[in-house]
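Written out below as structure tokens is the structure these notes cover.
The values are calculated or read from the model by the stated rules, or taken from the named source; none is laboratory data. Just so it is clear, the structure is predicted and the values come from calculations on it, not from any experiment. Note that each Cβ is placed from the backbone with ideal geometry, even for glycine, and that neighbours are counted across all protein chains shown. SASA here: full protein model, heavy atoms, side chains in, ligands and nucleic acids out. Shrake-Rupley method; radii C 1.70, N 1.55, O 1.52, S 1.80 Å.
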Amino acid sequence: MTKPFGSAIVIGGSIAGLLTARVLSDYFNAVTIIERDELQPESDFRGGVPQARHLHTLLIKGEHILMQLFPGFQRDLEAAGAVVARWGLDSSFLLPAGWTLRFDMGLTSHIITRGQLEKLVRRRITDTPNITFSGGYVVEGLLTDADKKVVQGVHVKARSEAEAREFKADLVVDASGRTSKAPEWLKDLGYEAPPETVIDAHCGYATRWYERPLTTKPHTIAIQARPGEGHYRGGGIMPVEGGRWVVTLLGGNSDFPPTDEDEFLSYAASLPDTSLYEIIKDAKPISPIYGYRRLENRMRHYERLQRCPEQFIVIGDAACALNPIYGQGMSTAALEAEALGRLLARTTSLTGFAQSFHKRLAQVIKGPWLMATSEDMRYPNVEGAKPDWITRMGHRYLDQVVKTIPYDSQMARVFTEVINLLQPFTIMMRPDLIARVLWYALRPPKQAHPNASIPKPAELT
């Protein structure tokens with residue numbers, strides 16, 4: 001069946017690019033994904049995603065969107081060995097006030113590695129008749145009309161070819177990630193680059209993979225850093241497909257976790273609780289220790305541009321890259337792709353579409369951006385912004401919210417829905433929830449509820 005529009009190009013074949021291409025395939029007769037890596041269908045990792053070896057989370061909202069875009073995707077996840085996680089029962093989070101309550105929240109998701117998830121999505125994209133992959137090409141600039149007002153394609157160069165080539169399209173989407181060259185491309189055409197906001201708490205990762213005995217019950221443990229208390233270290237352990245654990249240690253305020261084996265274990269033992277260390281100290285490692293330190297939040301404000309070429313949009317990390325320690329990246333990309341589809345559904349002409357999309361994109365990413373950056377502003381040496389009085393008041397209120405979670409199942413569930421992007425953060429300001437927070441704030445200190453205790457390593461076998 002003929003689609004409303006002709007052809008589209010997506011620059012970048014990562015999660016954001018793949019989901020964008022899937023949405024575009026409903027409205028364009030032909031969609032081409034241009035990726036600098038040579039795409040291997042069965043490969044778990046590729047050079048363009050250096051952070052893929054670290055702990056990743058597909059939040060519940062992101063999983064729901066994927067299942068809408070790819071009917072039957074849950075079966076794909078289960079066939080690939082994704083671990084089914086019941087939030088509250090199969091997960092324990094150490095917050096400043098104690099461990100989260102152990103109870104069934106009625107929320108379920110699948111745990112799967114970033115590489116495997118991308119592979120599953122890529123298979124679905126490959127099966128979509130009007131989507132084509134072009135791997136091994138580097139986009140060097142935008143192709144426009146004579147007046148440089150309308151983008152008509154891209155200039156590309158293959159590593160194996162001396163001459164540059166042209167790929168033409170009616171819409172070009174940059175989903176090339178944090179290293180996007182779109183600002184430079186716009187300046188080359190005589191436009192201004194978008195203003196940027198960068199908020200950097202100087203965070204870093206160190207990750208190692210371990211063998212998980214088949215007798216071990218899958219359980220996720222996350223230990224939150226406490227920058228407001230001067231403790232900048234945290235970490236998590238997550239069961240994934242193939243009988244493996246992924247262990248990621250994180251540090252902010254330039255207190256980076258080491259990649260040396262002995263120091264890695266010592267860093268794990270120094271966290272506010274030793275539960276993670278107790279699990280891995282005798283576990284069998286099956287990988288080197290991988291480090292990664294590019295975790296700043298970066299927003300390119302395309303919605304603020306007074307002039308921009310038609311038929312060119314930017315999406316995913318190319319527009320807004322979040323500190324990945326909060327696990328929002330892939331799910332935010334899914335929200336952006338969903339918003340793109342909704343806007344296309346009521347679009348009859350691509351004239352003016354770019355400006356409309358960028359304004360809509362700014363609204364979609366507002367919530368995830370505020371959650372990530374407000375937390376990063378707790379670190380004393382954060383660069384790019386300092387907490388104003390509104391942010392400080394928000395911190396104080398959130399601190400009280402967190403103090404209720406080890407005691408109150410309703411607050412625990414609502415908070416879990418917020419971090420899974422199922423509810424906006426503003427729901428925490430609902431009058432009945434404020435009343436619960438104030439009630440706990442006025443109670444005298446007490447020990448955490450006995451249900452809040454984390455299962456010991458022996459209980460996980």
> If you line up the long axis of helix 353-364 against the longest principal axis of the chain, both from Cα atoms, how many degrees apart are they, to the nearest 10?
Replying inline: 0
>> For the pairs 187/386; 281/403; 149/359; 148/168; 3/168, flag any whose C-alpha to C-alpha distance is greater than 23 Å.
In response: 187/386; 281/403
> Expressed as a fraction of 2.2 N^0.38 Å, the rule-of-thumb size for a compact globular protein of N residues, what is the C-alpha radius of gyration of segment 182-283?
Replying inline: 1.47
> Pairing the Cα long axis of helix 114-126 with the longest principal axis of the chain, what angle in degrees results, from 0 to 90 and rounded to the nearest 10?
Replying inline: 30
> What area, in nm² and to one decimal, does the C-alpha convex hull of segment 4-150 cast on average over all directions?
Replying inline: 12.1
> Taking every eigenvalue of the Cα gyration tensor of the chain, multiplying by 5 and rooting it, what semi-axes result, largest first, whole Å?
Replying inline: 39, 25, 21
>> At 1.4 Å probe radius, can you tell me the per residue accessible area of the chain in Å²?
In response: 44
> Angle, helix 389-404 long axis vs. longest principal axis of the chain, Cα atoms, 0 to 90°, nearest 10?
Replying inline: 50
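Could you tell me what percent of the DSSP beta bridges with both partners in the chain are antiparallel, to the nearest 5?
Once the DSSP bridges in the chain are tallied, antiparallel ones form about 70 percent.
Got the relative contact order for the chain handy, in percent, Cα pairs under 8 Å and 6 or more residues apart?
20
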> If you average over every viewing direction, what projected area does the convex hull of the Cα atoms of segment 307-428 give, in nm²?
Replying inline: 9.3
> Along the charge dipole of segment 242-367, which of 329, 247, 270 sits closest to the positive end, that is, farthest toward it, with unit charges on the beta carbon of Lys, Arg, Asp and Glu (+1, +1, -1, -1)?
Replying inline: 329
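Average the reciprocal distances over every distinct pair of alpha-carbons in segment 75-199, invert the result, and give the Kirkwood radius in Å.
Here the Kirkwood hydrodynamic radius works out to 19.2 Å.
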> For segment 76-164, which GluC sites (Glu not before Pro) are in a loop by DSSP, counting at most 13 other Cβ atoms within 10 Å?
Replying inline: 161, 163
>> I'd like the Karplus ³J(HN,Hα) series for segment 300-317: coefficients 6.51, -1.76, 1.60, θ = phi - 60°, whole numbers in Hz, and an x wherever there's a Gly or Pro.
In response: 9, 8, 5, 5, 8, 5, 7, 10, 7, x, 6, 6, 9, 10, 10, 8, x, 5
> Residue by residue, what Karplus-based ³J(HN,Hα) values in Hz, rounded to whole numbers, does segment 276-281 have, using 6.51, -1.76 and 1.60 with θ = phi - 60° and x for Gly and Pro?
Replying inline: 5, 4, 4, 6, 8, 5
> Around residue 158, with a cut-off of 14 angstrom between Cβ atoms, what is the net charge of the other residues, counting Lys and Arg +1 and Asp and Glu -1?
Replying inline: -3
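Quantify, in whole percent, the carbon and sulfur part of the accessible surface of segment 248-406 (1.4 Å probe; protein heavy atoms only).
Carbon plus sulfur share of accessible area: 49 percent.
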>> If amide hydrogens are placed 1.01 Å from N in the peptide plane, which non-local residues have theirs closer than 5 Å to the one on residue 37?
In response: 136
> Which trypsin sites (Lys or Arg not before Pro) from segment 145-179 combine a DSSP loop assignment with at most 16 other Cβ atoms within 10 Å?
Replying inline: 148, 149, 159, 178
> Within a Cβ distance under 12 Å of residue 433, other residues only, what is the Lys/Arg minus Asp/Glu net charge?
Replying inline: 0
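At 222 nm, what value in deg cm²/dmol follows for the chain if DSSP H runs of at least 4 each add -39500 (n - 2.57) and the sum is divided by all its residues, to the nearest 500?
Counting only the DSSP helices, I get -9000 deg cm²/dmol.
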> Under Stokes-Einstein, with the Kirkwood radius over Cα pairs standing in for Rh, what whole-number D in µm²/s applies to segment 251-349 at 37 °C and 0.692 mPa s?
Replying inline: 188
>> Just to check I understand the Karplus step: with θ = phi - 60° and J = 6.51 cos²θ - 1.76 cosθ + 1.60, what whole-Hz values come out for segment 230-240, glycine and proline as x?
In response: x, 10, 9, 10, x, x, x, 10, 9, x, 10
